[in-house]
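The values are calculated or read from the model by the stated rules, or taken from the named source; none is laboratory data. Given the structure is predicted, the values throughout are model-derived calculations rather than measurements. With ideal geometry, Cβ positions are generated from the backbone for all residues, glycine too; neighbour counts draw on all protein chains shown. Each accessible area value is taken on the protein alone, full model and side chains, heavy atoms only, with ligands, DNA and RNA left out. Shrake-Rupley method; radii C 1.70, N 1.55, O 1.52, S 1.80 Å.
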Amino acid sequence: MIAQSLFNLLTAYLMNRFPVMFIWLLCTVHAHASDVLILSNAQVNGISLSDNYITILEDTTAAFSITEVIAADSAQQFKQASYNFNIHPASVYWIKFTVKNEGDVFTQYVIENYYAHAKEFSVFYQEHGKLFQQKTGEYVTYKNRNFSHKNLVLDLPAPQAGNERTFYLKVYSGLYVNFNFVINNQHSFTHYSTTEYFFLGIYYGIILLLILYNIILFFTIRARLYILYIFYLLSGMLISINEDKLGYQYLWPEQPELNPLLSFHVAPVLLVFCFIVYASNFLELYKRIKSLFFLVWASFAFYIAVFILNFYFPLLLAIRILTPLPFLMVFISTIIIYSKGYKSARFFILGAGLILTSIILIQLRALAIIMGSIFTVYIFNYSLIIESIILSIALSDRISIIRKEKEAAQASVLKELKEKEQLQIEVNKQLKEKQEMQQRINQELEIKVTERTRELSSRSEELEIANVKLQSLIEQTNRMNIKLDLDNWELKKNVRHELVQRITGQEVSIDIFKTVFKDDITCLRFLDELKWSNGFVCTKCQYTKYKEVEHTYVRKCSRCSHPESVTANTFLHGIKFSITHALYLIYLIHTRKGDVKLEHISEIAGISIVSASKFRAKVMEKTLLLEKKQKIVTWEEIILN
C-alpha cells in the first residue's frame with residue numbers, strides 16, 4: 001500500500017508539473033512493453049524479465065482460468081508493466097511475455113522465481129493448438145516439483161529456431177512480492193545453482209563451526225554469555241534456512257505447512273528474543289542502566305502485542321515496520337552504554353548496527369519497496385556471518401578486559417599482601433622483643449615470688465593456728481545462734497498465740513486485728529494450722545499421707561491424688577472478697593452476737609448491702625447451729641464447721 005501511494009503521488013506530480021514529459025514516458029514504456037525476449041546460444045548469464053518485456057493482468061477475484069486470461073489478452077486487457085510487484089497481495093497476477101528463439105532447438109531453458117514464499121507459480125503456453133501448464137509453489141512438495149531446487153523453478157520450452165512463443169505466468173502470494181523472474185539455459189542454471197549451494201554450504205558450515213566453538217568455550221570457561229550466543233546463532237540459522245528454503249528442501253520436504261509457521265511466526269520472534277537476551281547480558285543493561293533495560297524489553301513487548309493482534313486483525317504491514325524496533329533500541333542502548341565508559345561495547349556497536357541494517361533491508365524487500373538481488377536476498381546471511389565474527393571478537397574483548405581488570409585487582413591484592421607481610425615481620429620483631437622482656441620480668445618475678453612464698457609459708461602456719469581457734473569460736477557462735485533462733489521462733493509463736501487469745505477475749509478494731517493477720521497469706525497459714533492441727537485426712541479415701549503443692553495451700557493425697565485446698569469444707573470456701581476481711585467480720589459478728597450494722601460490713605468487705613446481709617445471716621446461722629451442740633462457741637469453730 002505504501003508503494004502504491006508513493007507511485008500515485010509521483011504520477012500526479014509528473015502530470016501537473018511536466019505533462020509533455022509524462023506523456024512521452026508513457027509512450028516509451030508502452031513501446032517497450034511488447035518487446036520480445038531474444039533467446040540465443042551466446043547468452044551465458046540469466047535474463048531478467050524486466051518491465052519492458054512483460055504486461056500484467058490483475059485478477060482481483062482470483063477466479064480467472066487460463067482460457068479467460070487468453071480471451072482477456074485478445075481483448076487487450078493486459079496492461080503495460082508500470083510496477084514490479086503485486087500491489088494487492090490478495091489478487092492473482094497474470095504476467096504475459098513473448099520469447100523468440102534465435103539459437104538452436106537443443107538448448108533447454110528454465111524460468112526461476114527468487115521469491116520462494118509464493119503460494120502458486122505456474123507457467124502456461126500453447127503448442128500445436130494444445131495448452132500446457134507447469135505448476136509449483138510454496139505448498140508443492142519437492143517430490144511433485146520439476147526441479148529439486150530451493151527456489152521456484154519451472155521448465156520454459158523454447159519454440160523452434162526463429163519462431164516466437166507467448167507465455168503466461170500465474171503468480172499468487174498473499175504477501176507483497178517483487179516480480180523478480182529470471183530465464184536461464186540449463187547449463188547456466190546448473191552452474192549458478194551449484195555455486196549458490198556451495199557458498200550456502202560454506203555459510204552454514206561457518207555458523208555450525210561458530211556454534212561448536214562457543215559450546216567448547218562454554219564448557220571450558222562456564223560463562224553464560226556463550227550459551228546465550230549459541231541460542232542466538234541457532235535462531236539466526238533458523239531464519240536463514242526458512243528464507244532460502246533449504247530447511248524445507250532437506251529437513252521437512254513433506255510438511256509444507258511448516259513453512260509459513262516457521263517463517264512468519266516462530267523464527268522472527270525467536271531471533272528478536274534471543275538477540276535481546278544476549279545483548280542485555282553482554283551489555284549488563286539491568287546492572288548499568290535499568291531504564292534502558294526496561295525500554296528494550298518494552299519494545300519487544302510492543303512487538304509481541306502487535307504480532308498477537310495480527311492473528312485477529314490484518315497487521316502484517318505494522319509487523320514489518322516494527323520488526324527492526326527492538327534491534328534499533330539495542331543499537332541505541334549500546335551507543336549509550338559505550339558513551340558511559342563501558343569499553344566492551346565498542347565491537348558490539350558494529351555487530352548490532354550490521355544486524356539492524358540487514359533486518360531493515362529484509363523488511364524493505366518483503367514490502368517490495370526494493371528489488372530482490374543477490375545482495376538483498378542474502379543480506380541477512382552476510383550480516384550474520386560478519387556480525388558473528390564481530391560479536392566473537394567483542395566477546396573475546398570483553399573477556400580480555402575482564403581478565404585485565406582481574407589481573408589489576410590481583411596485582412593490587414598482591415601489593416597489599418606484601419605490605420601486610422612486611423608489617424607482619426615488624427610486628428613479629430616487636431613481639432619477639434616483648435617476649436624477651438617478658439622472660440626477664442618473669443625471672444625477676446619468680447625470684448620475688450619464691451621469697452614471698454617463704455614469707456607466706458611462715459605466716460600461713462600462724463594463720464592455721466588462728467583459723468583453728470576461729471573455727472572453734474564460729475561453731476560455738478552457730479550453736480548459740482541456733483538456740484536463739486529456736487527461742488525467737490517460740491517467742492513469736494507465743495506472742496501470736498497470746499494476741500489471738502487476746503482477740504478472742506475482747507473486741508478489737510480491724511487495725512489491731514491486722515497486726516496479727518496482716519494479709520491473705522497470713523490468714524491462709526493460720527487456716528492451714530487450724531484446719532490440719534490434728535493431721536491430714538483425705539476426704540475421698542481417708543488416707544493420711546499427702547504432698548504439698550508448691551506455692552499453694554493445697555494438699556494432694558499420696559494415694560488417690562485428690563487435691564484439697566485449705567479453704568475447702570470451711571466457712572471461707574467460695575468467699576468473693578478478701579479472706580482477711582472475712583476472718584475479721586466472722587470474729588466481729590461472733591463477738592457482738594450479730595449486732596453489727598450491714599453498712600459497716602459492706603464498708604469493710606467492699607460488698608453490697610444484700611451480700612452483707614447474707615454473710616451476717618450465714619454467720620449467725622452457723623453460730624446457732626453450733627450452740628445447740630455445745631454451750632461455748634469460738635469464732636475459730638465457726639470457720640472450721
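Before moving on, here are some points about what is shown:
- Test set (1) open to solvent by 30 Å² or more (accessible area, probe 1.4 Å); (2) not in a strand (DSSP E or B) - GLN126 fails condition number: (2)
- Which listed residue, of ILE38, ILE47, ILE95, is at pLDDT 90 or above and either exposed (fewer than 13 other Cβ atoms within 10 Å of the Cβ) or not polar (S, T, N, Q) (or both): ILE95
- Some residue of segment 306-320 being of a type outside the set (A, V, I, L, M), more than 22 Å from ASP397 (Cβ to Cβ) and in a helix (DSSP H, G or I): yes
- Set TYR142, TYR176, TYR197: member being among the hydroxyl-bearing types (Ser, Thr, Tyr), modelled with pLDDT under 90 and over 42 Å from the mean Cα position of the chain (by Cα): TYR142
- Entry remark, segment 607-620: residues being surrounded by 12 or more Cβ atoms within 10 Å (Cβ to Cβ) and either among the acidic types (Asp, Glu) or part of a loop (DSSP other than H, G, I, E, B) (or both) number 1 in total.
- All conditions in (1) surrounded by 21 or more Cβ atoms within 10 Å (Cβ to Cβ); (2) touching a residue at least 40 places away in the same chain (Cβ under 8 Å) hold for THR136, with the sole exception of (2).
- Only one of LYS493, LYS483, LYS531 that is open to solvent by 90 Å² or more (accessible area, probe 1.4 Å), within 30 Å of ILE589 (Cβ to Cβ) and at pLDDT below 85: LYS493
- Positions within segment 109-155 being of a type in the set (D, E, K, R) and farther than 25 Å from LEU258 by Cβ, in sequence order: GLU127, LYS130, ASP155
- LYS593 open to solvent by 40 Å² or more (accessible area, probe 1.4 Å) and either more than 22 Å from GLU636 (Cβ to Cβ) or not assigned by the TED database to the domain that holds TRP635 (or both): no
- Restricting attention to segment 545-586 and to residues that are among the hydroxyl-bearing types (Ser, Thr, Tyr), over 24 Å from ILE601 (Cα atoms) and not in a loop (DSSP other than H, G, I, E, B), the residue that is least open to solvent (accessible area, probe 1.4 Å) turns out to be SER565.
- Residue selection: LEU598 satisfies the criterion of being aliphatic (A, V, I, L, M), surrounded by 14 or more Cβ atoms within 10 Å (Cβ to Cβ) and within 16 Å of HIS581 (Cα to Cα).
- Set side by side, the residues GLU387, GLU462, GLU426 differ, and just one is of a type in the set (D, E, K, R) and open to solvent by 100 Å² or more (accessible area, probe 1.4 Å), which is GLU462.
- Out of ILE425, ILE447, one residue alone is part of a helix (DSSP H, G or I), at pLDDT 85 or above and under 60 Å from the mean Cα position of the chain (by Cα). It is ILE425.
For every residue, the table says whether it meets (1) within 30 Å of PHE179 (Cβ to Cβ); (2) open to solvent by less than 20 Å² (accessible area, probe 1.4 Å); (3) among the basic types (Lys, Arg).
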| site | (1), (2), (3) |
| --- | --- |
| MET329 | no, no, no |
| SER339 | no, no, no |
| LEU354 | yes, no, no |
| LYS404 | no, no, yes |
| GLU421 | no, no, no |
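- Residues satisfying the stated conditions in segment 253-268, i.e. of a type outside the set (Asp, Glu) and within 13 Å of LYS143 (Cβ to Cβ): PRO253, GLN255, PRO256
- Qualifying residue in segment 201-216 (condition: more than 30 Å from PRO314 (Cβ to Cβ), touching a strand residue (DSSP E or B) at 6+ places or on another chain (Cβ under 8 Å) and open to solvent by 70 Å² or more (accessible area, probe 1.4 Å)): no
- Restricting attention to segment 73-92, the residues that are open to solvent by 50 Å² or more (accessible area, probe 1.4 Å) and either small (Gly, Ala, Ser) or within 56 Å of the chain's Cα centre (by Cα) (or both) total 7.
- Among the candidates PHE198, PHE147, residue that is more than 30 Å from SER82 (Cα to Cα), outside the structural domain of ALA366 (by the TED database) and either assigned to a loop (DSSP other than H, G, I, E, B) or touching a helix residue (DSSP H, G or I) at 6+ places or on another chain (Cβ under 7 Å) (or both): PHE147
- Apart from one condition, SER235 fits all of (1) open to solvent by 10 Å² or more (accessible area, probe 1.4 Å); (2) in contact (Cβ under 8 Å) with a residue 24 or more places away in the chain; (3) not β-branched (Val, Ile, Thr); the exception is (1).
- Some residue of segment 516-523 being open to solvent by 20 Å² or more (accessible area, probe 1.4 Å), among the aliphatic types (A, V, I, L, M), in the same structural domain as THR623 (by the TED database) and farther than 28 Å from LEU624 by Cβ: yes
- Hey, ASN242 outside the structural domain of LEU367 (by the TED database) and either of a type outside the set (Asp, Glu) or surrounded by 21 or more Cβ atoms within 10 Å (Cβ to Cβ) (or both) or not: no
- Pairs with Cβ under 6 Å, 6+ apart, first in segment 45-58 and more than 15 Å from GLU112 (Cβ to Cβ), second open to solvent by 10 Å² or more (accessible area, probe 1.4 Å) and among the basic types (Lys, Arg): THR55/LYS96; ILE56/LYS79
- ILE227 vs. criteria in the same structural domain as LEU262 (by the TED database), assigned to a helix (DSSP H, G or I) and surrounded by fewer than 19 Cβ atoms within 10 Å (Cβ to Cβ): yes
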